[in-house]
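The values are calculated or read from the model by the stated rules, or taken from the named source; none is laboratory data. Keep in mind the model is a prediction, meaning the values are calculated, not measured. Methodologically, a virtual Cβ is constructed for each residue, glycine included, from the backbone with ideal geometry; neighbour enumeration extends over all protein chains shown. Ligands, DNA and RNA are excluded from the accessible area calculation, which covers all protein heavy atoms including side chains. Shrake-Rupley method; radii C 1.70, N 1.55, O 1.52, S 1.80 Å.
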Amino acid sequence: MKNNLPVIIAALVIVVLLVLIFVFSGKKPSPNGASAPAGSNESSVATVNTQAATSSPAEPANRTATTADGLQITDVSVGTGAVAQAGDTVTVSYVGSFPNGQVFDASANHGGSFSFVLGVGHVIPGWDEGVLGMRVGGERKLVVPPALGYGASGTPDGTIPPNATLDFDIKLLGVSKAQ
């Protein structure tokens, strides 16, 4: 054991030096083994479950989360009012567009706002999932994959083609709590 003592001490010194270099270099390991500058975002899109996409006033705006089923949710601004929960009647204003920016619908064309019961299938699944957890006064951008929009069929009138990804800018105007 006495013959191995210098080797053990040298190995410990090397490990300590490597740890110190790593800590003071300002770099963090990335998932692929390379290093990225401290404070950088490897990806601006986080994978989260639907409940984690809910917002509180303390959360920063413009952070995008992607749910397990591919819905992208970005809080443009977080409201300060009541939180929208399943079963509540919510009132929103919205603009719907394709990824190329072409608008296909807007609440301004239908009286300025739209109300529906959240979480019961009155709207496309991407809306039921994406409006959940919003606060009154908040604005969200949803990027809805086809499976959570109109799917392989599109709309009967052809406004939404088959397998279309849809972008929605939504503002939550009000929440009437479920009884």
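Some notes on this structure:
- Relative packing of 105-113, 133-141, which averages over residues the other C-beta atoms within 10 Å, highest first: 133-141, 105-113
- Placing Ser77, Ser153 in order of accessible area, with the largest value first and a 1.4 Å probe, yields Ser153, Ser77.
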